[in-house]
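Here the structure comes first, spelled out in structure tokens, and everything after it is commentary.
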Amino acid sequence: MSTSKVEEKLFQNRYKIDSGRPHIAIKNQSVCADQCKTQQCLTCCPAGCYTAEGGGQILLTTDGCLECGTCRVICTEHRNVAWEYPRGGYGILFKFG
Ligand code: SF4
Ligand code: SF4
């Protein structure tokens, strides 16, 4: 039985970037900065796609996204995440599971 860690397994995944067509987007940055007190996307994403910028702005980088859908669910209060699956042939290629 394999004893490798989750991080090691995630590193085995491959991601094909659909240049210029991110499948997830923040709809309105001012909502993040002015209305969202918790900014849970910063801590909920297992791939670390959301990072804090100055002034409450959020930087979203979809490279490496696991397509888990957590960020869409966690942002239900403000519904500020536009989320769809990548086009066929793009996105995550899981090696395990
Ligand atoms: S949880 Fe939604 S509204 Fe709040 S900072 Fe993240 S993307 Fe913006
Ligand atoms: S779908 Fe999952 S992995 Fe992708 S950005 Fe959202 S929380 Fe992160």
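Annotations
- Between PRO86, GLY56, PRO22, the Cα set farthest toward the positive side of the dipole of the stretch 20-97 (charges on each charged residue's Cβ, about the Cα centre) is that of PRO86.
- Taking the protein heavy atoms of the chain in the context of the full set of protein chains, the accessible area attributed to carbon and sulfur is 52 percent at 1.4 Å.
- Candidate cross-link partners of LYS9 among the lysines, defined by an alpha-carbon separation under 29 Å and a same-chain spacing of 8 or more, comprise LYS95.
- The translational diffusion coefficient of the chain, from Stokes-Einstein at 20 °C and 1.002 mPa s with a Kirkwood hydrodynamic radius over alpha carbon pairs, comes to 148 µm²/s.
- Qualifying trypsin sites (Lys or Arg not before Pro) for the stretch 1-85 [loop in DSSP, other Cβ within 10 Å: at most 13]: LYS5, LYS27, LYS37, ARG79
- Mean separation of Cα pairs under 8 Å and 6 or more residues apart, divided by the residue count, gives the chain a relative contact order of 42 percent.
- Using Cβ point charges alone (K and R +1, D and E -1), the dipole size of the chain about the Cα centre works out to roughly 260 debye.
- Exposed chymotrypsin sites (Phe, Trp or Tyr not before Pro) absent - longest run of the chain, DSSP non-H/G/I/E/B, at most 14 other C-beta within 10 Å: 1-93
- Net charge of neighbours whose Cβ lies under 12 Å from the Cβ of CYS41, counting Lys and Arg as +1 and Asp and Glu as -1: 0
- Under 11 Å, Cβ to Cβ, from GLY88 - net charge with Lys/Arg +1 and Asp/Glu -1: +1
- Each residue was assigned an accessible area with a 1.4 Å probe, and for THR38 the value is about 90 Å².
The values are calculated or read from the model by the stated rules, or taken from the named source; none is laboratory data. For clarity, every value in this text was computed on a predicted model and none was experimentally measured. Ideal geometry is used to build each Cβ from the backbone, glycine not excepted, and the neighbour counts take in all protein chains shown. Note: accessible area is taken over every heavy atom of the protein model, side chains too, but ligands, DNA and RNA are not part of it. Shrake-Rupley method; radii C 1.70, N 1.55, O 1.52, S 1.80 Å.
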